[in-house]
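Sending over a structure as structure tokens; questions will come in a sec.
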Amino acid sequence: MIRKVKLRDAAAIQRLNAECLGYDFDREATEAQLKRLLESDQHLILVAEKAGQVIGYAHAASYDCLYFPTLLNLLALAVAQDFQGQGHGRALMQALREEAKVAGYTGIRINSGISRSAAHEFYRSLGCSEKADQKRFYWKF
């Protein structure tokens, strides 16, 4: 089952971030961030549930610029290891796509690390087109 995220999902999201994405952001900070994001209409967060347990999630945010129409920017997609390859990631992405279309977005922008070849194949299997390689920079404050 795919549904919109709730604040009570913070612990599961924190676990998925650590186990699947390599981001060990603590639970309290994850909960505070989720609470803030739930108050924004610029973020769309969906979870995949099986037997009442959150097993995956997708998070996207509005991507506005002056050189093409507004897109959703995929910020995270994670499915617990034991549930990968069973269609949960695809279901999350399809639900995200449908929500985006209803909200008037023209597409979903997806960045994926160069070493994540399995993720690249997954996005290609969805019908996503690949764009030219880019370097990503981070300017920490």
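The values are calculated or read from the model by the stated rules, or taken from the named source; none is laboratory data. Quick caveat: nothing in here was measured; it's all calculated off a predicted structure. Every residue, glycine as well, gets a Cβ built from its backbone with ideal geometry; the counts of neighbours run over all protein chains shown. We work out accessible area using only protein heavy atoms, side chains counted, and drop any ligands, DNA or RNA first. Shrake-Rupley method; radii C 1.70, N 1.55, O 1.52, S 1.80 Å.
Kindly report the accessible area of the chain per residue (heavy atoms of protein chains, probe 1.4 Å, no ligands, DNA or RNA), in Å². Don't jump to the answer; show the numbers that get you there.
Details: 9580 Å² over 141 residues.
About 68 Å² of surface per residue is accessible.
Projecting each Cα onto the charge dipole of the stretch 60-141 (Lys/Arg +1, Asp/Glu -1 at the beta carbon, about the Cα centre), which of VAL102, PHE137, GLY89 comes out farthest on the positive side?
PHE137
Something else now. Report the accessible area of CYS128, computed with a 1.4 Å probe over the heavy atoms of all protein chains in place, in Å² rounded to the nearest 10.
50
Tell me which residues come under 5 Å, amide H to amide H, from LYS50 once H is placed; ignore anything under 5 positions away on its chain.
ILE55
Could you tell me what percent of the accessible area of the chain is made up of carbon and sulfur, with a 1.4 Å probe and every protein chain present? Please list the in-between numbers first.
On the way: 4950 of 9580 Å².
The value for the chain is 52 percent carbon and sulfur by accessible area.
Let me ask something else. Report the charge-dipole magnitude of the chain in Debye, nearest 20, computed about the Cα centre from +1 at each Lys and Arg Cβ and -1 at each Asp and Glu Cβ.
Working: 19 positive and 16 negative charges, 34 e Å.
Result for the chain is approximately 160 debye, rounded to the nearest 20.
Checking the cross-link filter: which lysines have an alpha carbon closer than 20 Å to that of LYS6, excluding same-chain neighbours under 8 positions apart?
Candidates past the 8-residue exclusion: LYS35, LYS50.
How much length is gained if the chain between LEU7 and LYS140 is pulled fully straight, taking 0.36 nm per residue apart and subtracting their Cα-Cα distance, in nm to one decimal? Present the calculation step by step, with values, prior to reporting the outcome.
Details: separation 133, 0.36 × 133 = 47.88 nm, distance 2.79 nm.
Length difference between fully extended and current span is 45.1 nm.
While we're here: In deg cm²/dmol, rounded to 500, what helix-only [θ] at 222 nm does the chain give when every DSSP H run of at least 4 residues adds -39500 (n - 2.57) and the total is split over its residues? Could the numbers behind the result be given before it?
Values: 4 runs with 44 residues, N = 141.
So the calculated ellipticity at 222 nm is -9500 deg cm²/dmol.
Between SER115 and ARG27, 0.36 nm times their residue separation minus their Cα-Cα distance comes to what?
29.0 nm
Relative contact order (percent) for the stretch 49-141, with alpha-carbon contacts under 8 angstrom and 6 or more residues of separation?
Working: 84 pairs, mean separation 21.3, N = 93.
Relative contact order comes out at 23 percent.
With an 8 Å cut-off on Cα pairs and a minimum separation of 6 or more residues, tell me the relative contact order of the stretch 1-77 in percent. Can you show the working numbers first?
On the way: 106 pairs, mean separation 21.1, N = 77.
Value for the stretch 1-77: 27 percent.
Each residue of the stretch 18-25 in turn: what ³J(HN,Hα) in whole Hz from Karplus with 6.51, -1.76, 1.60 and θ = phi - 60°, glycine and Pro shown as x?
So the Karplus estimates, Gly and Pro as x, are 5, 6, 9, 10, x, 10, 8, 8 Hz.
On to the next question. Scale the Cα Rg of the chain by the rule-of-thumb value 2.2 N^0.38 Å and send over the ratio, two decimals.
On the way: Rg = 14.9 Å, N = 141, 2.2 N^0.38 = 14.4 Å.
That works out to 1.04 for the chain.
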